[in-house]
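The values are calculated or read from the model by the stated rules, or taken from the named source; none is laboratory data. The model shown is predicted, which means the values in this text are computed figures rather than measured ones. As a convention, Cβ positions derive from the backbone with ideal geometry for all residues, glycine included, and neighbour counts pool all protein chains shown.
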């Protein structure tokens, strides 16, 4: 296949092609406590949510992590059982409600024991010990097993659903198009290398929108990614494709390979040295491996002039694919109230990269970590001002261009889930 | 850092910058962001000049010691100094500023790898793709 060019797109307008409204998008969902309450019940208590974790992080029976969700005030233990299966339980001793574990990661030998009165539970949630049992009343009638939480896995990513009886399976939630599109990406070779978390003073939709457009790269990231998206052939374009896949969406974005792999050793000798010894943001990913051989769902334009793909998995998971084997996955969660949110940004790469067996390679990895850390700080910064503008009442609607279609679609999907109807004009 | 530790003898000219070699990413970033551009520039210029030599030294030291984890304390200190240099270089080469212009405050953006929980993270083990393996 011939690599695609931006100029091949002609007069394409994805918003029109997908039958979406072109009207401004109202931001009333971004600062309404009432909408937030409904969103808690209809979305965050009912939908499959990504934990931020992969199966390789809890490889052995008894390995666990804690999934604390502010909007639902829940704490869930996600643990690998003796049979190798991963399960979820509310982190709540059935005696007096004390939390069983307190650490974000850990490992237990076969059971969880409550620090308060010593009640214990197997890795399958079954109560195995009530201390001083003979002094209790009607022990047989007590509901003393841990309360289960639905947990399932897609491509090694661990999801949970707080609905005691989820209305769909995780496979159904992901949907056939996504299942197929990413079934040959080598996720199973990857693990988390870098993870940062910010507790931000902005609403969850503001945070969500901050990672589903490519429009801002040329401007907000002009220092971190200088001229990476500047194109000679279409000054108004920076995207090759968008696809709306049920509740989820995908976009693929131009990168100026000449700029990205330019010799920067004269004016950025450290960045240059780091990219020689390790993977960095500007690593020559499309030069290292011919894009025609890439996994089928990534860089579908099959071009070397490619920077990244975005995949938004509704509601809280945002992928940024950076090469045929590395990616960032963002976990975006609401906080306790409508104007708080929690952003966890994680960089994943093949575990073989972790076996950095030289100091130079380790140094290159650390450089990558700091540079991506600072780039994410740029992304986070815009959210505060936007929230203030919305809260002031001055800012009531957004004008979205065609290449911001993922935001328009995400707004529709959220309104549909919460209020059963999409936004104005659609 | 261990006050007794020095840099390898051939890098004694960098000794005046050893205060940058703080033991965590957060401390090093905070030092960078609290420094003036002049101080960062002095550190940067001194380190850039020695960069090829440092990488060469790493190669020799780990070959002699039998691996990157077994290198001598002087080399370890030089490595930490290099981490501070990597962070500080962003101020010179990217941001043209000690902190990140148009960025959220550094202390608000927390590295999970410095948390107590992360230290208890079990060692990673991959699960090769196998359609029969269910995680239900």
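Looking only at segment B:84-109, count how many residues are touching a residue at least 60 places away in the same chain (Cβ under 8 Å) and within 8 Å of chain A (Cβ to nearest Cβ).
3
With the structure loaded, tell me whether residue B:90 is at negative phi and crowded, with 20+ Cβ neighbours inside 10 Å or whether it fails that test.
The answer is yes for residue B:90.
Do we find that residue A:335 is touching a strand residue (DSSP E or B) at 6+ places or on another chain (Cβ under 6 Å), touching a residue at least 12 places away in the same chain (Cβ under 8 Å) and within 8 Å of chain B (Cβ to nearest Cβ) in this structure?
Against the criterion (touching a strand residue (DSSP E or B) at 6+ places or on another chain (Cβ under 6 Å), touching a residue at least 12 places away in the same chain (Cβ under 8 Å) and within 8 Å of chain B (Cβ to nearest Cβ)), residue A:335 does not qualify.
Only residues that are within 11 Å of another protein chain (Cβ to nearest Cβ), assigned to a helix (DSSP H, G or I) and at pLDDT below 85: list them for segment A:266-302, please.
A:276, A:277
For residue A:333, are the conditions met, namely being crowded, with 21+ Cβ neighbours inside 10 Å and in a helix (DSSP H, G or I)?
no
Hey, could you check segment B:20-35 for residues that are farther than 20 Å from residue A:377 by Cα and in contact (Cβ under 8 Å) with a residue 60 or more places away in the chain and say which is surrounded by the fewest Cβ atoms within 10 Å (Cβ to Cβ)?
So the residue we want is B:22.
Is segment A:414-423 home to any residue that is more than 25 Å from residue A:173 (Cα to Cα) and at pLDDT 95 or above?
No; the residues of segment A:414-423 include none that is more than 25 Å from residue A:173 (Cα to Cα) and at pLDDT 95 or above.
Among the listed residues A:68, A:57, which satisfies the condition of being within 14 Å of chain B (Cβ to nearest Cβ) and touching a strand residue (DSSP E or B) at 6+ places or on another chain (Cβ under 6 Å)?
A:68
This table checks each residue for (1) in contact with a strand residue (DSSP E or B) (Cβ under 9 Å, 6 or more places away or on another chain); (2) surrounded by 14 or more Cβ atoms within 10 Å (Cβ to Cβ).
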{"residue": "B:58", "(1), (2)": "no, yes"}
{"residue": "B:67", "(1), (2)": "no, no"}
{"residue": "B:83", "(1), (2)": "no, yes"}
{"residue": "B:103", "(1), (2)": "yes, yes"}
{"residue": "B:107", "(1), (2)": "no, no"}
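Looking at segment A:75-98, which of its residues are farther than 22 Å from residue A:119 by Cβ, buried (at least 16 other Cβ atoms within 10 Å of the Cβ) and in contact (Cβ under 8 Å) with a residue 12 or more places away in the chain?
Answer for segment A:75-98, where residues must be farther than 22 Å from residue A:119 by Cβ, buried (at least 16 other Cβ atoms within 10 Å of the Cβ) and in contact (Cβ under 8 Å) with a residue 12 or more places away in the chain: just A:86.
Being surrounded by fewer than 22 Cβ atoms within 10 Å (Cβ to Cβ) and within 13 Å of another protein chain (Cβ to nearest Cβ) is the filter here, so list the residues in segment A:207-216 that pass it.
Residue satisfying the conditions is A:216 alone.
Report, by residue number, each residue of segment A:354-378 that is farther than 15 Å from residue B:94 by Cβ and either more than 7 Å from chain B (Cβ to nearest Cβ) or modelled with pLDDT under 90 (or both).
Matches in segment A:354-378: A:354, A:355, A:356, A:357, A:361, A:364, A:365.
Against the conditions (1) over 30 Å from residue A:202 (Cα atoms); (2) surrounded by fewer than 21 Cβ atoms within 10 Å (Cβ to Cβ); (3) facing chain A (nearest Cβ under 7 Å), where does residue B:112 fall short? Just the number, please.
Going through the list (1) over 30 Å from residue A:202 (Cα atoms); (2) surrounded by fewer than 21 Cβ atoms within 10 Å (Cβ to Cβ); (3) facing chain A (nearest Cβ under 7 Å), residue B:112 breaks only (1).
Any residue that is at negative phi, part of a helix (DSSP H, G or I), in contact with a strand residue (DSSP E or B) (Cβ under 9 Å, 6 or more places away or on another chain) and surrounded by fewer than 19 Cβ atoms within 10 Å (Cβ to Cβ) - is there at least one of those in segment B:121-130?
no
Looking at (1) touching a residue at least 12 places away in the same chain (Cβ under 8 Å); (2) within 28 Å of residue B:50 (Cβ to Cβ); (3) surrounded by fewer than 20 Cβ atoms within 10 Å (Cβ to Cβ), which is the one condition that is false for residue A:275?
(3)
When segment A:56-74 is examined, which residues are found to be over 18 Å from residue A:43 (Cβ atoms), in contact (Cβ under 8 Å) with a residue 24 or more places away in the chain and surrounded by fewer than 17 Cβ atoms within 10 Å (Cβ to Cβ)?
A:60
Identify the single condition in (1) within 9 Å of another protein chain (Cβ to nearest Cβ); (2) touching a helix residue (DSSP H, G or I) at 6+ places or on another chain (Cβ under 8 Å); (3) in a helix (DSSP H, G or I) that residue B:117 does not satisfy, given that it satisfies every other one.
Evaluating residue B:117 over (1) within 9 Å of another protein chain (Cβ to nearest Cβ); (2) touching a helix residue (DSSP H, G or I) at 6+ places or on another chain (Cβ under 8 Å); (3) in a helix (DSSP H, G or I) leaves (2) as the failure.
When you go through A:153, A:192, A:149 one by one, which is the residue that is buried (at least 18 other Cβ atoms within 10 Å of the Cβ) and either free of Cβ contacts under 8 Å to residues at least 12 places away in the same chain or over 17 Å from the mean Cα position of the chain (by Cα) (or both)?
None of the others qualify; the one that does is A:149.
Looking at segment A:329-372 only, could you name the residues that are within 30 Å of residue B:76 (Cα to Cα) and under 16 Å from the mean Cα position of the chain (by Cα)?
Selection gives A:345, A:346, A:347, A:348, A:349, A:372.
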